[in-house]
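Since every read-out is calculated from the coordinates, none of them should be taken as a lab result. Computed from a prediction, not measured in an experiment: that's the story for all the values here. Please note: Cβ atoms are built from the backbone with ideal geometry, for glycine as well, and neighbour counts cover all protein chains shown.
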There are 2 protein chains.
Amino acid sequence: MQSIEKYSVFIEEEIKKTHYPLTPKNLYDPLRYFMTLGGKRMRPILTLMGAEAFGSSKKEALPAALAVELFHNFSLIHDDIMDEAPIRRGKETVHTKWNQNIAILSGDVLLVYAYQLLAQQKAEVLPDLLNLFNTTAIEVCEGQQYDMDFETKKSVSITEYIEMIRLKTSVLLGCALEMGAIIAGASLSDRKLIYEFGQQIGIAFQIQDDILDLYADPSKFGKQVGGDIISNKTTLLLLKAFELADPYQKEKLNAILQESDFDQKIALAKHLFDVLNVRNVCKEIMNYHYEQAKTALEKIQIPASQKEPLLQLAAYLMEREI
Amino acid sequence: MQSIEKYSVFIEEEIKKTHYPLTPKNLYDPLRYFMTLGGKRMRPILTLMGAEAFGSSKKEALPAALAVELFHNFSLIHDDIMDEAPIRRGKETVHTKWNQNIAILSGDVLLVYAYQLLAQQKAEVLPDLLNLFNTTAIEVCEGQQYDMDFETKKSVSITEYIEMIRLKTSVLLGCALEMGAIIAGASLSDRKLIYEFGQQIGIAFQIQDDILDLYADPSKFGKQVGGDIISNKTTLLLLKAFELADPYQKEKLNAILQESDFDQKIALAKHLFDVLNVRNVCKEIMNYHYEQAKTALEKIQIPASQKEPLLQLAAYLMEREI
């Protein structure tokens, strides 16, 4: 995936070039730390690709690309507080390394810096960029709230779950791409199609994440396989299992959720999921969204060659072994 | 102050008209709650006055006025978490009434809504509005960080303290006014002067707050008189006292800070401050900034009649009994 690497290196260098003020140290040190923790930089790459697909350049779309990456990192810093997550990308989270107040405030200022970058784009596209970015940012907050609500909610439907992942993670991929398209002056219908492409890829990717959490090769997976099962997290797998289970199997599933021996818990869940064919059913849903994404891309009124990087990126995102 | 009341009623009605989505309830109920807790609505009034002073209208500047009020409330919700404040405007704070995660997230989304309002202003002034608003928002975060740093910092100079209050509270008043001026198409030099007017009023007002905390009439003051002394808060009074004290008085002051009987502590501090003439010295500093504000206002190239509401507002803000 040479072309993706090229984008990734470009973005990484630009992020390294970003200078935050030296003081107040407790506000800006966390940003310097967190912004260079790495990550796939998928969102800014999407903005650059979106811009190039419609004839603009990486350089022209760079501020918006960085804005979307800063926004993503702001949301991670705050989500990590809410989830009490000690580790992110193998390193301490901001609220663990510093403290919670510092994590709240440095997250806040990072969000403002995202807007400051966005404001560097030329004035004629600024209203459209802002409207899209604001709508998306609101949706991401809504998605995070639904995700938190699901922790205590008695019954979550699959529709509600897909809507939650759409809001929490997928709309930002659509937004990243459409911002590139806006900067390049794409038509409204093409903008909506590339947004849809990103959004559907996002949903498919998130479902893949749910599947991988239980079925990944432990030697290749960066974290504990079965972590979602251990913590009784609402995932598509679990919701599908409940949907497909007969009353006896439902009872069994509820018992598994209470199991305190984690290895046993994972083994029992896996066995029941196999009986119910959950993995394949979820893969089908994932593929459905992947196909929806490709259909949207096909409809865009640009030569196939200009869509190629986007198709490659989608394939790269979806190629993880499940 | 009839004219200020008119503005205030106008803003209050517009805030009441703002509709947030019904769901997710845990995201938007806190906003509905917090945005109608009241407050002086000083910042949006400044934006409206700034716009009118240069020939624009309340209606034209309304989105920006609301944006600045939303931003202010976002910062209060997050500050209240950081300060562990249980009460704001006589009511429970968001993190107390709901919980901390909800307070973080509803604060975040409120900030985004502020930008959404700002984006409603006409495209030709949007880049200037955004740049000012972003710079100010960053400074407010920096001010809050300095304020938190001061809690554990061994020695804070008066210059550092004034800079902290300038960032944390005063720049937003300048920004509110200048946004109105930008919307009305004021010249760059008039924009800078009206910003300076707001900023200096802000500093004077904050110093007045410090003085009132100890010297207010308890029957008129909404909270515990001497609260800053009880909690050993860094204030201009305390910093001035240390600056003016001789070595013996410094020792005495340090002893007072350790006093566990709060009534005694306040009485002892007040006595020592009287000996050192701290109250009057601080009033002089306050008046210096008030004068600076009025000087900036005088230089603005508009008829005196158009400055009148601003002068009245400044007098109203500074008239509290100290």
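Annotations for the structure displayed:
- Lysine pair number, Cα distance threshold 21 Å (strictly under), the range A:1-184, separation 8 or more or different chains: 25
- Cα-based helix-to-principal-axis angle, A:126-152 vs chain A, degrees rounded to 10: 20
- Cα-centre dipole for the range A:187-322 with unit charges at Cβ (Lys and Arg positive, Asp and Glu negative), debye to 20: 280
- Residue with peak Gaussian network fluctuation, chain B [Cα springs, cutoff 10 Å], from B:Gln120, B:Gln264, B:Gln145: B:Gln264
- Our note on the geometry: Cα centres of the range A:223-251 and the range B:128-180, 49 Å apart.
- Helix A:304-318 vs. chain A, principal-axis angle (Cα, 0 to 90°, nearest 10): 40
- Exercise: per-residue mean of other protein chain Cβ atoms within 10 Å, A:132-141: 5
- The HN-Hα couplings worked out from phi for the range A:158-172 by the Karplus form 6.51 cos²θ - 1.76 cosθ + 1.60 (θ = phi - 60°) are 5, 4, 4, 5, 4, 4, 4, 5, 4, 5, 5, 10, 7, 4, 5 Hz, whole numbers, x standing for Gly and Pro.
- Separation of the B:Asp246 and A:Gln100 label points, Cα + 7 Å toward Cβ, nm: 4.8
- A point 7 Å from Cα along Cα→Cβ stands in for B:Ile230, and the other copies hold the same point at 4.6 nm, listed in rising order.
- Taking B:Ala85, B:Ala137, B:Ala64 in turn, the Gaussian network model of chain B (Cα-Cα springs below 10 Å) assigns the largest fluctuation to B:Ala85.
- Note that the range A:85-98 has calculated 3J(HN,Hα) couplings of 7, x, 10, 9, 6, x, 10, 4, 6, 4, 5, 7, 6, 9 Hz, one per residue in order, obtained from phi through the Karplus relation 6.51 cos²θ - 1.76 cosθ + 1.60 (θ = phi - 60°); glycine and proline are x.
- Label geometry 7 Å along the beta-carbon vector: A:Gln312 inter-copy distances in nm: 6.7
- The angle between the Cα long axis of helix B:2-17 and the longest principal axis of the Cα atoms of chain B comes to about 70 degrees, rounded to the nearest 10.
- Per-pair calculated FRET efficiency, R0 = 51 Å: B:Tyr33 and B:Ala304 via Cβ, rounded to 0.05: 0.75
- Number of Lys pairs (Cα under 12 Å; 8 or more positions apart or on different chains) in the range A:187-322: 6
- Number of partner chain Cβ atoms within 10 Å, mean per residue of B:108-119: 6
- The dipole here belongs to chain A: it is taken about the Cα centre, uses +1 on the Cβ of Lys and Arg and -1 on the Cβ of Asp and Glu, and is about 660 debye.
- Label geometry 7 Å along the beta-carbon vector: B:Asp246 inter-copy distances in nm: 9.6
- Calculated FRET value between A:Lys16 and A:Lys233, using beta carbons and R₀ = 41 Å, to 0.05: 0.75
- Choice from B:Ser187, B:Ser75, B:Ser260 with maximal GNM fluctuation in chain B (Cα, 10 Å cutoff): B:Ser260
- Summarising the amide proton neighbourhood of A:Thr235: residues at separation of 5 or more, or on other chains, whose placed amide H is nearer than 5 Å comprise an empty set.
- Given +1 at the Cβ of Lys and Arg, -1 at the Cβ of Asp and Glu and no other charges, the dipole of the range B:55-156 around its Cα centre is 360 debye to the nearest 20.
- Using just its DSSP H runs of length 4 or more, each adding -39500 (n - 2.57), chain B gives a mean residue ellipticity at 222 nm of -24500 deg cm²/dmol after division by all residues.
- Ordering of B:237-246, B:214-223 by packing [mean C-beta count within 10 Å, highest first]: B:237-246, B:214-223
- From most to least packed by mean Cβ count within 10 Å, the peptides A:91-102, B:49-60, B:11-22 give B:49-60, A:91-102, B:11-22.
- Couplings 3J(HN,Hα) for the range A:62-74, derived from phi with the Karplus relation 6.51 cos²θ - 1.76 cosθ + 1.60 (θ = phi - 60°), are 4, x, 5, 4, 5, 4, 5, 5, 5, 4, 4, 5, 4 Hz, where x marks Gly and Pro.
- Positive-end residue of A:Leu276, A:Leu244, A:Leu193, charge dipole of the range A:187-322 with Cβ unit charges: A:Leu193
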